[in-house]
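Let me begin by presenting the structure, written as structure tokens, before commenting on it.
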2 protein chains.
Amino acid sequence: PTDLAESLVWEPAKSGAFAASGEGLTADYADAADAADELRSLRDEFLFPPTEEGAKIRTGDRPSVYLCGNSLGLQPRAVREELSSELDKWARYGVEGHFKSDLPWVTVDETPVESMARVVGAKPVEVAVMNSLTVNLHLMMVPFYRPTATRHKIIIEKHAFPSDWQAVASQIRHHGFDPATSLVELGPREGEETLRTEDILSALEREGPSTALVMLSGVQYYTGQLFDIPAITAAARAQGCKVGWDLAHAAGNAPLYLNAWGPDFACWCTYKYLNSGPGSIGGCFVHERHAEDASLNRMAGWWGHRKTDRFAMASAFVPSPGAFGFQLSNPPVLCVAALRASLRLFDKATMPALRRKSLAVTAYLRALVAARLPSVKVLTPDEPSSRGAQLSLEFGSDVPLRRVYEALQRESVIVDIREPSAMRVAPAPLYNGFRDCWDFVDTLAAVLEEVKGRAAE
Amino acid sequence: PTDLAESLVWEPAKSGAFAASGEGLTADYADAADAADELRSLRDEFLFPPTEEGAKIRTGDRPSVYLCGNSLGLQPRAVREELSSELDKWARYGVEGHFKSDLPWVTVDETPVESMARVVGAKPVEVAVMNSLTVNLHLMMVPFYRPTATRHKIIIEKHAFPSDWQAVASQIRHHGFDPATSLVELGPREGEETLRTEDILSALEREGPSTALVMLSGVQYYTGQLFDIPAITAAARAQGCKVGWDLAHAAGNAPLYLNAWGPDFACWCTYKYLNSGPGSIGGCFVHERHAEDASLNRMAGWWGHRKTDRFAMASAFVPSPGAFGFQLSNPPVLCVAALRASLRLFDKATMPALRRKSLAVTAYLRALVAARLPSVKVLTPDEPSSRGAQLSLEFGSDVPLRRVYEALQRESVIVDIREPSAMRVAPAPLYNGFRDCWDFVDTLAAVLEEVKGRAAE
Ligand SMILES: Cc1ncc(COP(=O)(O)O)c(C=O)c1O
Ligand SMILES: Cc1ncc(COP(=O)(O)O)c(C=O)c1O
């Protein structure tokens, strides 16, 4: 698709400049860049944590800095209203809320689908909003991981998020195979931090014929690396493997064109870049080539049954076309409502515009880190096509990471740290900007001085 | 357990009397009985739908009648406040809400467990609140339905809720078996409406040796029959079968003693008698004899990993003891919060007291139906030990059920109808009383006259 190429283009005019010289590395520049940002007004649609008492560095009237949308997105202001109107419906109609009002619950699962599909580059028939991430990975593996004696392996990352690793290992065991021989783990080369596409592709050459499923993450949770999803998907399919993606850190962050790229399935959560609240509902993609394949044996339930006679209480399962046919239970209305409030903002912003901004803001963050924190290593690839919003910072072993993190909290700068030694910093383009990055780096520099000073005492 | 026997005791002094004579069949009697009800004040904790315009029969200032807690429980007033405080936490802390506040999200899944365990007669280690009902049935079948060539069958009800039927059929297929030969369906005898325990027990004698799993519902959704869970569980286990129960219509309704009765697992939803809101989170029981069995291969995920190193990002799965070890994903905070608000009311009321009231109220409903609607047949067994709150009414084929239902709606009397021909009426003892039953029957009698009159025109 043509807008794919466009959205991956790096725009040096907007953001490359400051990397070369010291130009732009001031708070004033950051403020000016934010003022020029067309998406800036969306920031006002979110609730930022208030500043905490007890700051030593960022004193005076400073807003908090939230760079943690990779973990839990901020609350869109509209969520409270959206939930309130569902509570009103429940209070007013009781069970009749399933059929009454402008947004009857019986079709509530349809309400976020078009917007959700736009975010991941899918057709609406390919997308359902249901359950949660790890649950959906399992539900997708039921039809798409069907190991045989000769083709039984699953390829994942060596440093996959533990839940994914545990999920695939349990699936392998479920089918009577052994992870020791059926789980193929891809890691970076010795001395490198991230995977090379060429290494993934050659592993697919080597392992492909005995591999049933390739299941990687779109954006690596620890390093922030964005994988080459189209190339890997194509190579895996050429080997006859099924392909699924965990898009927890990619959905609402990286440009995605799932329909064009053609994986069999993808799953994601909506509480990170998609701002639907803690533990809220998951998203799921099943490629349209499977949409009418009723023979695909899935774990069945009434909510996946075709709509025409879902309530007729006839028993034989006839799936709805597409991703809807993989639903099991009637959906949690409150979670769907919260997601809906957030997705309206994505519709307003559009993914290409968010990506354009994100590339610039994160490049700025990287330039600031390089200029002001020379001892800090960035694990995330520099190539725009290999990253999303997040940068993962690694500190020397002499830096007490948890103390740094707590000192940042004290200054109302919220990021997260991940074992063993990464600090993850993600300017979410819906609500973050250049000044957030400047404030973060400026505060971190002072905190590192402070911690070093204390260590030297 | 001794209080089991007690809670199943029928108390004629309180409710049997009016069945014999016409005594008690007046609105005044119903009001007096409600006034004497010790649990009456709990009614004020719920939001009843306001009366709609357009009533022809129940004119004047009459409250609505809601007898549909078997389908969707009414909203506890405290839900809004409970949700609001989670939204405040999200707004104030962002991702730090996982660790900050009095109720940090990282342990939010623990908060409803003790109350939930009391409702189903389980130990806390046996209960988790997670996912949704059909999803949980599948997740439980992964370890507890392991068919072999000689023991591959699943026994369910012939008229099981469709989702359950579809779920077990897909599990059978998933393992390469055929529902035509591996699914055993138990139905009532010719001309009877409900199953006889003796027939279930003799089916277990006959089919037991080739049966891997017995999975019935505690209270039948259509007829309202409460099965003899302890006797069936014991007989199935004596045959070497695994036993699971769908308690959708039993949890918060019938007396349950799951720990003592000993099934392998049970699943339920919390949006019916447990009032947690549409599509909200499910509940799950795994008997304590499996609590430490890490070899039980389940679909694994990080939220089921033992808590001590859940976030350490080591990959090998070591389950938490008990039902918690079957969790996959971090829980939806809003759903858990709503459930918590409702379960506080169960703690206040206690299940034995609710059951005592429920037996009396539903007996009164039955007596009213018998006296005033002689042409209406009650499908639900009369024996207190064989029913919960719900009565299922069946009308002659000359009665246009949907029109009756709509006329009741017009009068602000909310019940539900189920294909092919049942009207389900469930006084939920937490918020319904004698007068609700009187109003329902009185209105239905008038509606039936009206409908008959129109048909005769
Ligand atoms: C007996 C029974 N089983 C299963 C279900 C399906 O529930 P869910 O949609 O929550 O999976 C229901 C829903 O009403 C039910 O009554
Ligand atoms: C990459 C990845 N996969 C899986 C998960 C697990 O998500 P859930 O608890 O929603 O199943 C996470 C959670 O952060 C994640 O980042």
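Any read-out appearing in this document is the output of simple, stated calculations on the displayed coordinates, not a laboratory observation. The structure presented is a predicted model; accordingly, all values stated were derived computationally and were not measured. Methodologically, a virtual Cβ is constructed for each residue, glycine included, from the backbone with ideal geometry; neighbour enumeration extends over all protein chains shown.
Shape verdict for chain B, please, from the Cα gyration tensor: rounded (a/c under 1.5), prolate (a/b greater than b/c) or oblate. Don't skip to the end; give the middle numbers.
Values: a/c = 1.95, a/b = 1.32, b/c = 1.48.
Oblate is the answer for chain B, as a/c is 1.5 or above yet b/c matches or exceeds a/b.
Give the angle, between 0 and 90 degrees and rounded to the nearest 10, that separates the Cα long axis of helix A:162-174 from the longest principal axis of the Cα atoms of chain A.
Orientation of helix A:162-174: about 30 degrees from the principal axis.
Please work out whether the protein assembly as shown counts as rounded, prolate or oblate from its C-alpha gyration tensor, where a ≥ b ≥ c are the square roots of the eigenvalues and a/c under 1.5 means rounded, while otherwise a/b larger than b/c means prolate and anything else oblate? Intermediate results must be reported in sequence, preceding the final value.
Values: a/c = 2.10, a/b = 1.64, b/c = 1.27.
Verdict is prolate for the protein assembly as shown.
Can you list residues from other chains, or at least 5 along the same chain, whose modelled amide H is less than 5 Å from the amide H of A:Phe46?
Under 5 Å from the amide H of A:Phe46 lie the amide H atoms of A:Arg77, each far enough along the sequence or on another chain.
As a test, work out the antiparallel percent of DSSP beta bridges whose residues both lie in chain B, rounded to the nearest 5. Please list the in-between numbers first.
Details: 22 of 40 bridges.
Restricted to chain B, the bridges split so that about 55 percent are antiparallel.
Per residue of chain A, what 222 nm ellipticity follows from adding -39500 (n - 2.57) for every DSSP H run with n ≥ 4, rounded to the nearest 500?
On the way: 16 runs with 174 residues, N = 457.
Helix-only estimate at 222 nm: -11500 deg cm²/dmol.
Between chain A and chain B, with a rotation axis joining them, whose C-beta in A is nearest that axis, and what is the whole-Å distance?
Rotation axis A onto B, closest Cβ, rounded to whole Å: A:Leu334, 2.
Under the definition of partner shielding as Cβ atoms of other protein chains within 10 Å of a residue Cβ, what is the mean value for peptide A:96-102?
Values: counts 9, 5, 5, 0, 1, 0, 0.
If you average over the peptide's residues, the count of other-chain Cβ atoms is 3.
Quick one: which residues, 5+ away or cross-chain, put their amide H under 5 Å from the amide H of A:Leu186? H built at 1.01 Å from N.
A:Ile156, A:Glu157, A:Lys158
How far apart, in nanometres, would the label points at B:Asp31 and B:Arg77 be if each is projected 7 angstrom from Cα along the Cα-to-Cβ direction?
2.2
Using alpha carbons only, how many degrees (0 to 90, rounded to 10) separate the axis of helix A:78-93 from the longest principal axis of chain A?
So the helix axis and the longest Cα principal axis differ by about 30 degrees.
State, to one decimal in nm and shortest first, how far the label point of A:Pro374 sits from each corresponding label point in the other identical copies (label point: 7 angstrom along Cα-to-Cβ).
Those label-point separations list as 10.2 nm.
Between their Cα atoms, which of A:Lys272/B:Lys307; A:Lys158/A:Lys272; B:Lys89/B:Lys357; B:Lys123/B:Lys272; A:Lys272/A:Lys377 are more than 31 Å away from each other? Please list the in-between numbers first.
Values: A:Lys272/B:Lys307 22 Å; A:Lys158/A:Lys272 23 Å; B:Lys89/B:Lys357 38 Å; B:Lys123/B:Lys272 22 Å; A:Lys272/A:Lys377 24 Å.
Listed pairs above 31 Å: B:Lys89/B:Lys357.
Classify region A:212-337 as rounded, prolate or oblate from the Cα gyration tensor: take a ≥ b ≥ c as the square roots of its eigenvalues, call it rounded if a/c is under 1.5, otherwise prolate when a/b beats b/c and oblate if not.
Numbers: a/c = 2.80, a/b = 1.34, b/c = 2.09.
Oblate is the answer for region A:212-337, as a/c is 1.5 or above yet b/c matches or exceeds a/b.
Angle, helix A:133-144 long axis vs. longest principal axis of chain A, Cα atoms, 0 to 90°, nearest 10?
40
Given +1 on the Cβ of Lys and Arg, -1 on the Cβ of Asp and Glu, and no further charges, what dipole in debye does the protein assembly as shown carry about its Cα centre, rounded to the nearest 20? Let's see the in-between values first.
Values: 94 positive and 114 negative charges, 182 e Å.
Dipole of the protein assembly as shown, to the nearest 20 debye: 880 debye.
Under a cut-off of 20 Å between alpha-carbon atoms, report the lysines in cross-link reach of B:Lys153, not counting same-chain residues fewer than 8 places apart.
Filter leaves B:Lys242.
What distance in nm lies between label points placed 7 Å from Cα along the C-beta direction at A:Ala149 and B:Ala149?
1.5
Taking a point 7 Å out from Cα toward Cβ as the label site, list the nm distances between B:Phe311 and the same residue in every other copy, smallest first.
4.4
Work out the mean other chain Cβ neighbour count within 10 Å for the residues of A:134-143 and drop it here as an integer. Each step should come with its number before you reach the end.
On the way: counts 10, 13, 3, 4, 9, 4, 0, 1, 6, 1.
Counting Cβ atoms of other protein chains within 10 Å of each residue's Cβ and averaging gives 5.
Using a label position 7 Å from Cα in the Cα→Cβ direction, what is the ascending list of nm distances from A:Gly240 to the same site in the other copies?
3.9
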